[in-house]
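Report on one structure; see the data block that follows.
The values are calculated or read from the model by the stated rules, or taken from the named source; none is laboratory data. None of the values given here were measured: they were computed from a predicted structure. Don't worry about glycine lacking a Cβ; one is built from the backbone with ideal geometry, like all the others, and counts go over all protein chains shown. The protein model used for the area step is the full one, side chains on, heavy atoms only, and it has no ligands, DNA or RNA in it. Shrake-Rupley method; radii C 1.70, N 1.55, O 1.52, S 1.80 Å.
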Amino acid sequence: MRPDGIGTLLRSIREEAERTREEQALVVQAAQNGRWFDPENLKRWETEKRLPVRAWHKTIADAYGLTVDEVRRAVTASRKYRREQGRENPDVNRRQFIGTAAAAASVAVMPGIAQAREGIDGALSASGVGDLAYLEGAFERHRGGYHGRSPNAVLQEMYGDLVLLREVLNRPHPAKARADLARTAAGIAGLVAIVQHDRGDQREAYRWFATAERAARESADPRMTAWVLARHAMVPLNYGAPSTAATIAAKACTEAGKTPSAAAALATAITARSLAASGDRDGAVRALRETRNLAERLDGQEAADTWFGYPLQKHHVHLSQAYTLLRDTKAAYQAQNDALGLTDSPSVMTRALIAMDTAACLRADGDPTAAAEMAVGVFERLPVSYRQGLVRSRAMGLQRSLTGRPGALLGDVLNCRVSPS
């Protein structure tokens, strides 16, 4: 590494302050208003396995007592050094070797041919291996869910990785590395789409899912494609277009095939909910039966509690909504209790959605006042950043089914808009 590079600069400031990487990570976290920061990022920057992208320069400057220009100069120095070490010196050595070898063999070197091969070889080399590995890790890290964070906070944390992903996708890669990168891109784009869906930004959710599907198909991974399609189907399902959702979910089921997987279970669960919302009771019941069959056969990463897995908690959340739509309140209440028993306390959105299902069941059981009061209580207790999007859509659906004072009570709360912080 260069002495004036970013790795040396960050490490020397940290060591002078006698901080561990974990302690310095907390300083960076404070510089970005408390948003979580992974100490492993700091390690990659200090060792220059990865260079900070522009989105991080202001935060680094604030955390380390530097100016943004100082950070950018250090990053530029490191990037220049990496180019020199990775390309210029080997190129010089290769040209010298080719010339010497040709002279010894009395063979004339044809101008441009050697350079052409070198360019092809460089394009086929595994450039940016560290960035590829980092992005795979970023997908694994981000797919863990909200963990008490708001959707807006999650998107802010993902921004730097999205910038890096765009940069890496524009580089040449060997075919296998390109396929792996496309799969990672599909996963990360799908996660952004999920968050946009939860925020209520349907247009952006559709766009990100389209990008995710394109990447998944380029990767030739049918399971990833099935996951993207199943997640995509949740947008029309949760925002009033169940027939469209059923069509997309059917495509997801086809991609998933017959092998039990999280994607297959999710696709059949969305199919059940879509058919229930469309009034196809028999079709919904059949899909629920298939969902149970698949869910019981999952284990390991397929059953992991992530946005990419299908854990029992998520299974019961889907059952809650399906049975609520079918007006089978006994089964819905049981699914809600099962889901809550498996839900971690910070799961703000999940708990709110389950409570909205309970309120809808109260209305179906003939107690609209209790339904409205419960929904109002849930909505008013929500942090402001959660009062738009999916929870609001679910509350509005309930409000439309209420009349008289209960409908007015819930309507007044929903119409009292507060700008998200």
Sites matching GluC sites (Glu not before Pro) across the range 1-48 that sit in DSSP coil, with at most 15 neighbouring C-beta atoms within 10 Å: E18
Using the alpha-carbon atoms, what tilt in degrees (0 to 90, nearest 10) does helix 348-364 show relative to the longest principal axis of the chain? 20
With +1 on each Lys and Arg Cβ and -1 on each Asp and Glu Cβ, and nothing else charged, work out how big the dipole of the range 129-228 is about its Cα centre, in Debye to the nearest 20. 180
Taking the convex hull of the alpha-carbon atoms of the range 268-315 and averaging its shadow over every direction gives an area in square nanometres of 3.2
Under 21 Å Cα to Cα from K330, which lysines show up? Leave out anything in the same chain fewer than 8 places away. K314
Would you please give the FRET efficiency between E140 and V285, computed as 1/(1 + (r/R0)^6) with r the Cβ-Cβ distance and R0 = 35 Å, to the nearest 0.05? 0.45
Can you pull a Stokes-Einstein diffusion coefficient for the chain at 10 °C (1.306 mPa s), Rh from Kirkwood over Cα pairs, as a whole number of µm²/s? 65
Report the Stokes-Einstein translational diffusion coefficient (µm² s⁻¹, integer) for the range 235-385, Rh taken as the Kirkwood radius over Cα pairs, at 10 °C with viscosity 1.306 mPa s. 101
If you take the Cα atoms of the range 186-232, find Rg, then find the Kirkwood Rh from the mean of 1/r over all pairs, what is Rg/Rh? 0.96
Between the DSSP loop rule and a limit of at most 11 other Cβ atoms within 10 Å, which chymotrypsin sites (Phe, Trp or Tyr not before Pro) in the range 200-281 are left? none
Applying the Karplus parametrisation 6.51 cos²θ - 1.76 cosθ + 1.60 with θ = phi - 60° to the phi angles of the range 78-84, what ³J(HN,Hα) value in whole Hz is obtained for each residue in order, glycine and proline being reported as x? 5, 5, 4, 5, 5, 5, 4
Heavy-atom accessible surface of the range 305-412: percent carbon and sulfur, 1.4 Å: 52
Going Cα to Cα from K80, which aspartates and glutamates come in below 18 Å? Please leave out same-chain ones fewer than 8 positions away. D4, E46, E48, D69, E70, E88, D91, D131, E167
Run the 1.4 Å probe and let me know the accessible area of H142, rounded to the nearest 10 Å². 20
Among A295, A30, A210, residue whose mean-square fluctuation peaks in a GNM of the chain (springs only between Cα atoms under 10 Å): A30
Which of the trypsin sites (Lys or Arg not before Pro) across the range 182-259 are loop residues per DSSP, with 10 or fewer other Cβ within 10 Å? K258
If you roll a 1.4 Å probe over the range 157-275 with all protein chains in place, what percent of the accessible area is carbon or sulfur? 53
Excluding ligands, DNA and RNA, what is the solvent-accessible area per residue of the range 195-320 at a probe of 1.4 Å, expressed in Å²? 42
Once the in-chain neighbours fewer than 8 apart are removed, the lysines whose Cα is under 22 Å from K176 read K49
Expressed in nanometres to one decimal, the distance between label points 7 Å along Cα→Cβ at A17 and N415 is 5.1
Calculated over the range 1-55: convex hull of Cα atoms, volume per residue (Å³): 79
Highest GNM mean-square fluctuation among A408, A138, A153, for the chain with Cα springs under 10 Å, belongs to A408
